[in-house]
Amino acid sequence: MKKIAFLMISVTLLAACKPIGKKESFMYPETKKVDTLDVYFGTEVSDPYRWLEDDMSEETKAWVVEQNKVTNTYLAQIPFREKIAQRLTTLWNFEKFTAPVKKADKYFFTKNDGLQNQSVLYYQKNLEDSAIVLIDPNKLSEEGTTALSGSSVSEDGKFIAYSIAKGGSDWNEIFVKDIESGADLADHLKWVKFSGMAWYKDGFFYGRYEEPQGSALSAKNTSQKIYYHKVNTPQSQDELIFEDKEGKQRFYSPQVTTDGKYLVIYESESTSGNNLLIKDLTNSNAQFVTLGNGFKSDFSVIDHKDGKFYILTNYEAPKYKLVSLAAEKNNLSDFKTVLAEKDDVLAGLEIVQGKIIAAYMHHAQSKLEMFAIDGNFLKTIELPGIGSVSQLSVNETDNYIFYAFTSFIRPQTIFKYSLVDGKTDIYKQPKLDFNPDDYETQQVFYNSKDGTKVPMFITMKKGTQLNGNNPTLLYSYGGFNISLTPSFSLSRLIWLENGYIYAQPNIRGGGEYGEEWHKAGTLLQKQNVFDDFIAAAQYLISNKYTNSTRITIHGGSNGGLLVGAVTNQRPDLFAVAIPAVGVMDMLRYHKFTIGWAWASDYGTSEDSTNFNNLYKYSPVHTVREKIQYPAVLVTTGDHDDRVVPAHSFKYIAELQSKYKGNNPVMIRIETMAGHGAGKPTEKQIQEIADMWAFAFQNMNVVPKY
């Protein structure tokens, strides 16, 4: 492989900002090109920016600094940037709660006072007691970049195992705390990723990897194993419970049934489909029994009760059903249907006091229904309106349940529902400087390119005139069976308060209509995802909501791929594109961290058919010359070890090299930040202010602040 001599990185910073409405040319850092050529099934593919994949190199670090200089200089000139940040700070400053979860004799929940960088974990012995701080991650780092990423309470309520993530990384470290005293024990477990903690007796099961060779942020993650850790012992003494030396590219995650009788290990090769490995913990000679159909379907053990496993699955039911399985059985043919598949997707459920509380999706909106344990329908639990049930919390010793409900215009509210009289009360309702009654959400249906009907939520201020000129934020995802249901976002309030529009289409690739909807946006059908999104923009334009000079598109991760792909395919349709932490190099994504797990949705370039398909839409490889692109602001984090930042680096380098127009094409690289989870409030506010300032500037609109 031939490499040309290195070129020095140089940069010319931008001149003073021009008035809004004026276009200007931009000078970007000169990104060196290295003569790197790959041949895929006879097709030569140049990869001149591969050197940017080395996140540890001094050259890459220097490139990041120079790119950020250009971007920060541009953003600093936008006169309303700080006003947006100030308004976001005011909006953000209210208490936020999760629903209380009862374990043993205590209730656990998280709360953020308003502007705390990280939410704090509390507990209380009854719902009337004062809450006691258990874990405050804000005290774990001065920058607020250490997040509480998971927790699990022992069955006796004495200990809590908790995991923290630093700088936005997916890597976790696990610690154990004595709840009553608040003292941390000596336990410290490392190299944990994508694993919960499942308590059993005086310890817990968890999954971990070996220490990575090379960069911990980009090296491929393989050979995950399940261990048992006994409290107050070193990690070196942990007992290996399960490993598969043949299936190195698989995930394993443990669960213990609430009666403590069975260990369930979820085995998966990708983000869709899994097997269950079940072991009887009451029998010291028991071996793991496998239940599954070769990763073709999803199986989730709700619990084990009275000798039966209750399993939520899409096996022979694309919209999911609930089945029971006698503990002594291990064949799918032994399933007994409890809740049959319906037209609506069964999104989740809990079993409590002989009742099933089931959350369904009806056209991407939540419905909550109650059934007897034998599957007989009992009642519908009325919800406040168009929205989503985001959390269900039940406990056998209580005569009530908690559920969290949110919508596009109402923040998460915690409701308490009585199992005795069916009465619903508001348990925790946040108060913020925003009046939801001034806004409305409507759901429309439009036809995609192939005639498929696609739903879309549109939220705006009441009385908004459909004059074809409203600034509009168009956001979607379209992948991995993930459903975009109504949810509250403080960032979007900036758009709504200014009289602008927020639109969220439920495009194929998601799970809004079950597994068939998901599959229709994967592999060789991935173009459906992009066509659905493009058709959403066309619907908004043809129905006078907006026009192409007033549309900003945004999406993250797989949604970043979406934005990159449609920007390259239809640059004329959008004014601004903001792809966040996107999967941009579709030919090499599977070579980093856990990228191999996404092959079920994408396919890989190691197969000729999939290569030809990926090469057609891969954002890095489809940037064109002599094309007028919208203004582009790519965002990523230097600690993103889910979608490594090299994806974004290579995409913006290609765009800056080929695009010669007057719209800015820039990248904002957050330091000590990852894929998004656990990002400190302060960093979130500044990033959102930067994105919206960039969007408004390049749509030639001025917010009313």
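Do we have residue 202 as closer than 27 Å to residue 286 by Cα and surrounded by fewer than 16 Cβ atoms within 10 Å (Cβ to Cβ) here? Taking the combined requirement at face value, the residue satisfies it. Tell me, please, whether a residue that is of a type in the set (A, V, I, L, M, F, W, C) and at pLDDT below 95 can be found in segment 51-61. Yes, there is a match, as at least one residue in segment 51-61 is of a type in the set (A, V, I, L, M, F, W, C) and at pLDDT below 95.
Residues in segment 603-639 that are touching a Ser or Thr at 6+ places or on another chain (Cβ under 8 Å) and acidic (Asp, Glu): 638 alone. Among residues of segment 615-638 being within 23 Å of the chain's Cα centre (by Cα) and surrounded by fewer than 24 Cβ atoms within 10 Å (Cβ to Cβ), the one that is farthest from residue 42 (Cα to Cα) is 638. With respect to being part of a helix (DSSP H, G or I) and touching a residue at least 24 places away in the same chain (Cβ under 8 Å), residue 585 falls outside the description.
Among the residues of segment 425-448, is there at least one that is closer than 30 Å to residue 527 by Cα, without any contact (Cβ under 8 Å) to a residue 40 or more places away in the chain and surrounded by fewer than 17 Cβ atoms within 10 Å (Cβ to Cβ)? Checked against the condition, which is being closer than 30 Å to residue 527 by Cα, without any contact (Cβ under 8 Å) to a residue 40 or more places away in the chain and surrounded by fewer than 17 Cβ atoms within 10 Å (Cβ to Cβ), segment 425-448 yields at least one hit. Among the residues of segment 517-526, are any on the phi > 0 side of the Ramachandran plot, touching a Gly at 6+ places or on another chain (Cβ under 7 Å), surrounded by fewer than 20 Cβ atoms within 10 Å (Cβ to Cβ) and in contact (Cβ under 8 Å) with a residue 12 or more places away in the chain? Yes: segment 517-526 contains one or more residues that are on the phi > 0 side of the Ramachandran plot, touching a Gly at 6+ places or on another chain (Cβ under 7 Å), surrounded by fewer than 20 Cβ atoms within 10 Å (Cβ to Cβ) and in contact (Cβ under 8 Å) with a residue 12 or more places away in the chain.
One residue stands out in segment 296-319 among those that are aromatic (Phe, Trp, Tyr) and either modelled with pLDDT under 95 or touching a Phe, Trp or Tyr at 6+ places or on another chain (Cβ under 9 Å) (or both): the one that is farthest from residue 263 (Cα to Cα), namely 315. Here is the figure for segment 389-413: residues that are closer than 21 Å to residue 351 by Cβ and assigned to a strand (DSSP E or B) total 11. The condition (being more than 18 Å from residue 572 (Cα to Cα), of a type in the set (S, T, N, Q), over 20 Å from the mean Cα position of the chain (by Cα) and modelled with pLDDT of 95 or more) is satisfied by just one residue among 506, 547, 528, 558: 528.
Can you confirm whether segment 153-173 contains a residue that is charged (D, E, K, R), in a strand (DSSP E or B), over 23 Å from residue 102 (Cβ atoms) and at pLDDT 95 or above? Within segment 153-173, one or more residues are charged (D, E, K, R), in a strand (DSSP E or B), over 23 Å from residue 102 (Cβ atoms) and at pLDDT 95 or above. Of the residues contained in segment 437-448, one or more are found to be part of a loop (DSSP other than H, G, I, E, B), closer than 30 Å to residue 528 by Cα and touching an Asp or Glu at 6+ places or on another chain (Cβ under 7 Å). For segment 496-513, the criterion of being buried (at least 19 other Cβ atoms within 10 Å of the Cβ), among the hydroxyl-bearing types (Ser, Thr, Tyr), touching a helix residue (DSSP H, G or I) at 6+ places or on another chain (Cβ under 6 Å) and touching a residue at least 40 places away in the same chain (Cβ under 8 Å) is met by at least one residue. Taking residues in segment 401-415 that are among the aliphatic types (A, V, I, L, M), and partners anywhere that are assigned to a loop (DSSP other than H, G, I, E, B), the pairs with Cβ atoms closer than 7 Å and at least 6 places apart or on different chains are 401/394; 401/419; 404/98; 404/99; 404/412; 414/99. Filtering segment 562-582 down to residues that are free of Cβ contacts under 8 Å to residues at least 60 places away in the same chain, part of a helix (DSSP H, G or I) and of a type in the set (A, V, I, L, M, F, W, C), which residue is farthest from residue 214 (Cα to Cα)? Among those residues, the one meeting the criterion is 573. Of the strands (runs of 3 or more DSSP E) lying entirely inside segment 45-145, those containing at least 1 residues that are surrounded by fewer than 20 Cβ atoms within 10 Å (Cβ to Cβ) and among the hydrophobic types (A, V, I, L, M, F, W, C) are 101-103, 120-124, 132-135. Checking each residue in segment 291-311 for being of a type outside the set (Gly, Ala, Ser) and surrounded by fewer than 16 Cβ atoms within 10 Å (Cβ to Cβ) picks out 293, 296, 306. Taken over segment 95-136, the criterion of being under 20 Å from residue 163 (Cβ atoms) and of a type in the set (A, V, I, L, M, F, W, C) is satisfied by 101, 108, 109, 120, 121, 133, 134, 135.
The values are calculated or read from the model by the stated rules, or taken from the named source; none is laboratory data. Values in this document were obtained by computation on a predicted structure and should not be read as measured data. Positions of Cβ are generated from backbone atoms using ideal geometry, with glycine treated the same way; all protein chains shown enter the neighbour counts.
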